[in-house]
There are 2 protein chains.
Amino acid sequence: MKILHTADWHIGKKLFGYDLLAEQQAILQQILAIAKKEKVEAIIIAGDVYDRQLPDQQSVSLVNATFQEWNLTEQIPLLVISGNHDSAVRLATGNPWYQQSQFFLHTTLAQAIQPITLADCQFYLLPYVEPYQIKQFFQETNPKHPLAQNVPSLEAGIAAIIDLMKASFDLEKKQILVSHFFVAGSQRQESETPLEVGGLASVAADLFGDFAYVALGHLHSPKALTKGNIRYSGAPLKYAIGESQDTKGVYLLDTDYLTNQYQAKQSSQAVQAPTGLTEAALRFIPLTPLHELRALTTNFGQLLHPDDALKKISEDYLAITLTDHEPILNVMAQLRSQYPRLLSVTRQQIALQQTDNQLSYQEVQNELSPEELVQAFFKQLTNQELSKLQTTWLNQGLQAIQSTETKDD
Amino acid sequence: MKILHTADWHIGKKLFGYDLLAEQQAILQQILAIAKKEKVEAIIIAGDVYDRQLPDQQSVSLVNATFQEWNLTEQIPLLVISGNHDSAVRLATGNPWYQQSQFFLHTTLAQAIQPITLADCQFYLLPYVEPYQIKQFFQETNPKHPLAQNVPSLEAGIAAIIDLMKASFDLEKKQILVSHFFVAGSQRQESETPLEVGGLASVAADLFGDFAYVALGHLHSPKALTKGNIRYSGAPLKYAIGESQDTKGVYLLDTDYLTNQYQAKQSSQAVQAPTGLTEAALRFIPLTPLHELRALTTNFGQLLHPDDALKKISEDYLAITLTDHEPILNVMAQLRSQYPRLLSVTRQQIALQQTDNQLSYQEVQNELSPEELVQAFFKQLTNQELSKLQTTWLNQGLQAIQSTETKDD
């Protein structure tokens, strides 16, 4: 069975005030094109469909139209959960009708422990939950369970939920878990919303040893975790400047090449570590956005008179670091006419490690006059001496401060 | 065919800060009980399902659960439109899947002109629209239509939409229009949101002569309009103090007893006025809320020491008019412990028509001293003279004002 794994669409997300809806619409079309070309038999969307609990109407329209096209028009089964950014209640609207066309959307723990069987797989769709919801679940379903009293950590809660799932494991099938949380040891990125308070909300990878594949959402890089059979698909687009070097995409899973971990464990005496995923079992397919997100380091003159290479990327989302030292008036406004998706302009930080220029605490405290102090500080930051004119300004400024101080006394 | 007609649920509405969700849940259960008892074959919900474009999660839960129970569990066909309070886009979530179980939810004009045929009826579900949406619709579907240039009024737009509907009228069926707007000549109520700017958003009743029944939402009283075949079902609950004397409920329609207006017109030379609805064709079924909304006029002493009749209604939503004239400290707080759903406490307005007490403009202008003026005003409002103590306070106040005026000069 071929499955496409995506997550963290964050529909409705804005990037430095730019509406990304057209980008998101294009990338979803690209995902569908991959799904059709690869003839996948199901698509996993592992949470954070929306960027917020109360998405705007355009976002709702896009998601509704996407689900309709993928599931009703293209007749692809969908396996979807709510993430920490979604409103589980709002996302669940329409859900009781969806199942008729193999659109499975789980937003509650009661649903999560019910497997969905498609071809050679059993899918468990575990939405993002908080410990209080796990406690509530046990209070309602099994009041004598210790977790009905107290859920000491998310990990303890998830472990108990997985135990419930195991009761319905069919040894003839491969078990696939779809979920949305932070697995301990994963790499974080800038555009993710941290969940943890004091580490209580992370889950150990060891918990998932019985699943043939764990399709996660929450972290935005497909490289966040590549341990055993656990993968974050990552977001389909770069949602932060810090992600400019990333390659975003989707995972393609072929369950024919998966090992049934649970069965393997049952039939062997020794507990084995997950065997990991071969290339035949899992491939990463990169996505190409309408407009790339790039971090550039250059100077203002080059930006005003771009060469061909720069012209070619002028419509992209650009985070620019200027190497200039001189003040430039209205720098964003001047650049925006040529670079319509300019995200930010920052000045290059001069490295402070050069010991020649570095001020000692003692110098700062005692030995330098105010004028010398400013001169030394300027040199430390810019590696240049103050010009004559700058020295004149400095002295005028220092005098003005001094005369104010005298007056106040 | 037996049909239940309801509208204007306004799920999520608050009344003087009180959450009405439990009331709304109970009244929806009562409507379902009527539908089951009467074995209706369809339920019309003529808009304003929600009270706002962005309903809270509890409201979304209630509406989702209601639709699921009515349509999937009880297998009752639903005919639903969006009203001016709904977000058409958000309400439409799940819609492409709903039709499989005869849940018809129309939120666009393109859907509105497509009839839904059930038994002996053709239903046209015309959601609340504004003239700009009618213009957009013609621009997209028939750019040469004059309304693609300009929609001079809602009425002109609705007339053109009805013309499009007529193209699919089946003379063997009875035509039922479900819609949500203000029909000229209807009686308004306090809890409705007016739509009209300068009367442009009202629609003449004459437009609907070809429909066997017009099931409307928007106005909250079932008596808002009882002309010909047009009815507002009204809201299922009282949503304003001014509606305390209303009887809220639902309409039950039996289409066996309807006249096919369109056919009648086609087969006779003379254009006839709609024949109106017999009792066999249309019955009104009142609803009983969990807690009534009542307007009471009484005095504070009676409220503190209620008789049995008052005790019986102490849990209801009460709008109290006090007949007392004396100041009462923290009146709301004092009463709330005994009357947990107290909406408001107002003082009885003394009638100002008593010419004996009335001040003339001339008196006010010239003849009375400040002290006399206040005395006369007090008498006018309370029909009592100032007491000695009150006169002392008045003089102290007037002196204080005078000394301030002198200081300022």
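The values are calculated or read from the model by the stated rules, or taken from the named source; none is laboratory data. Bear in mind the structure is a predicted one, so any value in this text is a computation, not a measurement. When we count neighbours, we look across all protein chains shown, and the Cβ atoms used for this are built from the backbone with ideal geometry, even at glycine.
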Answer yes or no: is there a residue in segment B:23-40 that is within 14 Å of another protein chain (Cβ to nearest Cβ), assigned to a helix (DSSP H, G or I), crowded, with 18+ Cβ neighbours inside 10 Å and under 21 Å from the mean Cα position of the chain (by Cα).
-> no
What helices (runs of 4 or more DSSP H) lie completely within segment B:46-145 and have 3 or more residues being within 14 Å of chain A (Cβ to nearest Cβ)?
-> B:57-67, B:88-91, B:95-98
Unmet requirement for residue A:255, which otherwise passes all of (1) at pLDDT 95 or above; (2) surrounded by fewer than 22 Cβ atoms within 10 Å (Cβ to Cβ) = (1)
With the checklist (1) among the aliphatic types (A, V, I, L, M); (2) in a loop (DSSP other than H, G, I, E, B); (3) closer than 30 Å to residue B:1 by Cα in hand, flag the one item residue B:328 doesn't pass.
-> (3)
Among (1) touching a residue at least 12 places away in the same chain (Cβ under 8 Å); (2) under 16 Å from residue A:207 (Cα atoms), residue A:163 falls short only on (1)
Of all residues in segment A:178-237, which are at pLDDT 95 or above and over 28 Å from residue A:120 (Cβ atoms)?
-> A:235, A:237
Of all residues in segment A:112-122, count the ones that are buried (at least 23 other Cβ atoms within 10 Å of the Cβ) and in contact with a Leu (Cβ under 6 Å, 6 or more places away or on another chain).
-> 1
Could you check how many residues of segment A:329-345 are farther than 15 Å from residue A:306 by Cβ and of a type in the set (Phe, Trp, Tyr)?
-> 0
Determine if segment B:163-179 includes at least one residue that is within 21 Å of the chain's Cα centre (by Cα), in a loop (DSSP other than H, G, I, E, B) and closer than 18 Å to residue B:81 by Cα.
-> no
Please find, within segment A:364-394, the residue that is modelled with the lowest pLDDT out of those that are surrounded by 13 or more Cβ atoms within 10 Å (Cβ to Cβ) and more than 45 Å from the chain's Cα centre (by Cα).
-> A:368
Criterion (at pLDDT 95 or above, part of a loop (DSSP other than H, G, I, E, B) and either surrounded by fewer than 18 Cβ atoms within 10 Å (Cβ to Cβ) or over 18 Å from the mean Cα position of the chain (by Cα) (or both)) met by exactly one of B:247, B:275 = B:247
Would you check which residues across segment A:63-97 are hydrophobic (A, V, I, L, M, F, W, C) and over 18 Å from residue A:217 (Cβ atoms) and list them?
-> A:65, A:72, A:76, A:89, A:97
Here is a list of conditions, (1) in contact with a helix residue (DSSP H, G or I) (Cβ under 6 Å, 6 or more places away or on another chain); (2) surrounded by 23 or more Cβ atoms within 10 Å (Cβ to Cβ), and residue A:92 meets all of them except one; can you say which number that is?
-> (1)
Identity of the residue in segment B:312-335, surrounded by 13 or more Cβ atoms within 10 Å (Cβ to Cβ) and of a type in the set (D, E, K, R), that ends up farthest from residue B:14 (Cα to Cα) = B:324
Across segment B:128-160, which residue is surrounded by the most Cβ atoms within 10 Å (Cβ to Cβ) among those that are touching a residue at least 40 places away in the same chain (Cβ under 8 Å) and hydroxyl-bearing (Ser, Thr, Tyr)?
-> B:128
